[in-house]
Amino acid sequence: MPGGDARLGARLVQQFQCGACHVIPEIAAAQGRSGPTLEQFGRRSFIAGSIPNYPDALARWIVDPRAMKPDTTMPAMGVSATEARHMAAFLYTLR
């Protein structure tokens with residue numbers, strides 16, 4: 001992920017409590033079940049089942065999911081574009 005720091009991204013994933021909804025490997029207590037697991041996210045072809053999984057799209061998704069898929073249950077969490085790049089960098093390490 002250009003411009004992203006995966007280690008900082010992991011901390012941001014914890015800070016924004018993504019694990020309340022998702023199972024996320026490498027994140028302590030990230031055992032949420034209301035959202036899909038993020039195991040092996042870096043190998044996925046699509047975000048939310050229909051959005052091609054490219055770095056810019058993932059960063060936009062993290063910032064404002066409903067702008068990309070209005071019927072998603074994933075809320076906007078107040079993540080900045082810069083924070084989203086770091087979080088995306090972390091998610092791409094999950095293989």
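Here, each number is a calculation from the coordinates, and none is a lab measurement. All of these numbers come straight from a predicted model, not from anything done at the bench. Methodologically, a virtual Cβ is constructed for each residue, glycine included, from the backbone with ideal geometry; neighbour enumeration extends over all protein chains shown.
Let me check against my output: what whole-number percent is the relative contact order of region 6-93, with C-alpha pairs under 8 Å and at least 6 apart?
Contact order relative to length: 36 percent.
For a quick protection proxy, order the peptides 4-17, 43-56 by their average other-Cβ count within 10 Å, most packed first. Please report the intermediate quantities before stating the final value.
Numbers: 4-17: 17.2, 43-56: 12.9.
Top of the packing list down: 4-17, 43-56.
If you put +1 on each Lys and Arg Cβ and -1 on each Asp and Glu Cβ, how big is the dipole of region 6-93 around its Cα centre, in Debye rounded to 20? Each step should come with its number before you reach the end.
Working: 9 positive and 6 negative charges, 13 e Å.
Dipole of region 6-93, to the nearest 20 debye: 60 debye.
Report the GluC sites (Glu not before Pro) located in the chain that are in a DSSP loop and have at most 16 other Cβ atoms inside 10 Å of their Cβ, or state none.
On the way: sites: E26, E39, E83; in loops: E26, E39.
Loop-located and lightly packed - E26, E39.
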Treating the Cα atoms of the chain as identical point scatterers in vacuum, please give the log10 of the normalised Debye intensity I(q)/I(0) at q = 0.15, 0.18 Å⁻¹, two decimals. -0.49, -0.74
